[in-house]
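What follows is a set of notes on a single structure, which appears directly below.
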Amino acid sequence: MAEKKTAAKATKAVAKAQPRLKELYNKELKAKLEKELGLNNINQVPELKKVIVSSGVGKKREDKRFTETVELTLAKITGQKPTSRLAKKSIATFKIRKGMGAPVGYLVTLRNDKMYEFVDRLINIALPHVRDFHGVSRKAFDAQGNYSLGLKEQTVFPEITFEDASVLHGLEVTFIIKNGSKEGSLKLLELFGMPFEKEAK
């Protein structure tokens, strides 16, 4: 009986375990950001709210093998089923009409634990595998402090098998940050370990 209770407690502890980056943010980084950014309130500290992982299919939207690969890639690297995106406007060059049936892209929106787990794998496993990598851009912040980065190939993620890599495609990762600013969001992502390119002297 005692062994069963111990096993149940261990299982419960594993279930409650927080992702590494989430625990780090709550225990250390929030207070550090408040101090370094000179904020008066802990509620003003930049906080990662969601991460959007997307990939467009463009001219290859009618290529079933290509679109299936994109959909499979996003599902494998995020652990969530992607949603399809229809065209929001017409583009004559690509023969795309607004709202047309074939998806022009796929996306996954990550929040909470899955978001932190993905960001941890992106920073510490995927980005170091980018060929000739010199860091991500420091200039890809919008006015609200949200950040976007693009990857040319899905093969940098360890979840992608050799068979999955037979059709190559790029993807974009967008970090939506609450209380963000260019300075605050940069500092938050740096503390997460984001490998930004070195500033020119």
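The values are calculated or read from the model by the stated rules, or taken from the named source; none is laboratory data. Since the model is a prediction, treat every value here as computed from it, not as a measurement. Using ideal geometry, Cβ is built from the backbone for each residue, glycine included, and neighbour counts are taken over all protein chains shown.
With respect to the numbered conditions (1) more than 24 Å from residue 32 (Cβ to Cβ); (2) over 16 Å from the mean Cα position of the chain (by Cα), which one is the sole condition not fulfilled by residue 172?
(2)
Can you tell me which residues in the stretch 18-66 are out of contact with any Leu (no Cβ under 6 Å at 6 or more places or on another chain), hydrophobic (A, V, I, L, M, F, W, C), part of a helix (DSSP H, G or I) and within 19 Å of residue 193 (Cβ to Cβ)?
Hits for the stretch 18-66 are 21, 24, 31, 33.
Got at least one residue in the stretch 123-132 being touching a strand residue (DSSP E or B) at 6+ places or on another chain (Cβ under 6 Å) and either buried (at least 20 other Cβ atoms within 10 Å of the Cβ) or closer than 24 Å to residue 20 by Cα (or both)? Please lay out each step first, then the result.
Going residue by residue through the stretch 123-132, those that are touching a strand residue (DSSP E or B) at 6+ places or on another chain (Cβ under 6 Å) are none.
No, the conditions are met nowhere in the stretch 123-132.
Being at pLDDT 95 or above and either part of a loop (DSSP other than H, G, I, E, B) or at positive phi (or both) is true for just one of 145, 180, 184. Which residue is that?
Result of the check over 145, 180, 184: 145.
Sort through 82, 158, 103 and tell me the only one that's modelled with pLDDT of 90 or more and surrounded by 14 or more Cβ atoms within 10 Å (Cβ to Cβ).
On the way: 158 fails: surrounded by 14 or more Cβ atoms within 10 Å (Cβ to Cβ); 103 fails: modelled with pLDDT of 90 or more.
None of the others qualify; the one that does is 82.
Kindly list, by first and then second residue, each pair from a residue in the stretch 31-42 that is without any contact (Cβ under 8 Å) to a residue 24 or more places away in the chain and under 15 Å from residue 186 (Cα atoms) to a residue that is aliphatic (A, V, I, L, M) and surrounded by 15 or more Cβ atoms within 10 Å (Cβ to Cβ), limited to pairs with Cβ atoms under 8 Å and residues at least 6 apart or on different chains.
Here the result reads 34/45, each pair linking the stretch 31-42 to a residue that is aliphatic (A, V, I, L, M) and surrounded by 15 or more Cβ atoms within 10 Å (Cβ to Cβ).
From the list 199, 159, which one is of a type in the set (Asp, Glu), in contact (Cβ under 8 Å) with a residue 40 or more places away in the chain and either over 26 Å from residue 18 (Cβ atoms) or part of a strand (DSSP E or B) (or both)?
So the residue among 199, 159 that is of a type in the set (Asp, Glu), in contact (Cβ under 8 Å) with a residue 40 or more places away in the chain and either over 26 Å from residue 18 (Cβ atoms) or part of a strand (DSSP E or B) (or both) is 199.
List, please: which pairs have Cβ atoms under 8 Å, are six or more places apart or on different chains, and start with a residue in the stretch 60-74 that is in contact (Cβ under 8 Å) with a residue 24 or more places away in the chain and end with one that is charged (D, E, K, R)?
These pairs meet every condition: 66/60; 67/60; 67/61; 69/164; 72/164; 73/164.
I'd like the residue in the stretch 138-155 that is among the small types (Gly, Ala, Ser) and within 12 Å of the chain's Cα centre (by Cα) and, out of all such residues, is surrounded by the fewest Cβ atoms within 10 Å (Cβ to Cβ).
150
All but one of (1) at pLDDT 75 or above; (2) within 25 Å of the chain's Cα centre (by Cα) hold for residue 63; state the number of the condition that does not hold.
(2)
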